[in-house]
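Heads up: the structure comes next, in structure tokens.
Where a number appears in this text, it was derived from the coordinates with a stated rule and is not lab data. None of these values were measured; they are calculated from a predicted model. Using ideal geometry, Cβ is built from the backbone for each residue, glycine included, and neighbour counts are taken over all protein chains shown.
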Amino acid sequence: MRRINAIAIMIAFFGLGGVAFLLLRVYGFDVINAGVWSQVALVVVLLGWISTYVFRAVTQTMTYNQQLDDYKKAVLTKQLEEMTPEAREKLFAEVAAENNSSENSPKNVVTNTKDE
């Protein structure tokens, strides 16, 4: 996000608070209650916005992570395209062998490492 975008969001956020205050005044709220409820509305909007950020950070769907994943995929695709057919077949055979060995190996094996 660029600085101008952050400034625009801040101005819009405070403008929304002002509009909410004026609408509450029009609907008959006194100054104190209109101020309180417009602040409540702004806090709820702010918490909602922050929750979307936290969700994107936890699920790693933020712009940087998506760009990094796209870059890694593009690099691997280019490397795969540049490989000779023989090297590509050898790689596929190694991956298949590794997948077969990992399927056949026992999982969660506990070994006793104590010297008795």
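Computed from phi, the 3J(HN,Hα) profile of the range 43-54 under the Karplus parametrisation 6.51, -1.76, 1.60 (θ = phi - 60°) reads 5, 5, 4, 4, 5, x, 5, 5, 5, 5, 5, 4 Hz, with x in place of Gly and Pro. Our compactness index for the range 63-104, the C-alpha radius of gyration over the empirical 2.2 N^0.38 Å, is 1.52. One way to sum up the overall shape of the range 1-59 is the equivalent ellipsoid from its Cα gyration tensor, whose semi-axes run 27, 15, 6 Å, largest first.
For the chain, the C-alpha radius of gyration divided by 2.2 N^0.38 Å, with N the number of residues, is 2.12. Backbone phi angles across the range 10-15, fed through the Karplus curve with coefficients 6.51, -1.76 and 1.60 (θ = phi - 60°), yield HN-Hα couplings of 5, 5, 5, 4, 5, x Hz in residue order; Gly and Pro are listed as x. If you take the beta carbon distance between K78 and I4 as r and set R0 to 41 Å, what does 1/(1 + (r/R0)^6) give as a FRET efficiency, to the nearest 0.05? My answer for the efficiency is 0.70. The H on the amide N of F29, modeled in the peptide plane, is under 5 Å from the matching H of no residue at least 5 residues off or on a different chain.
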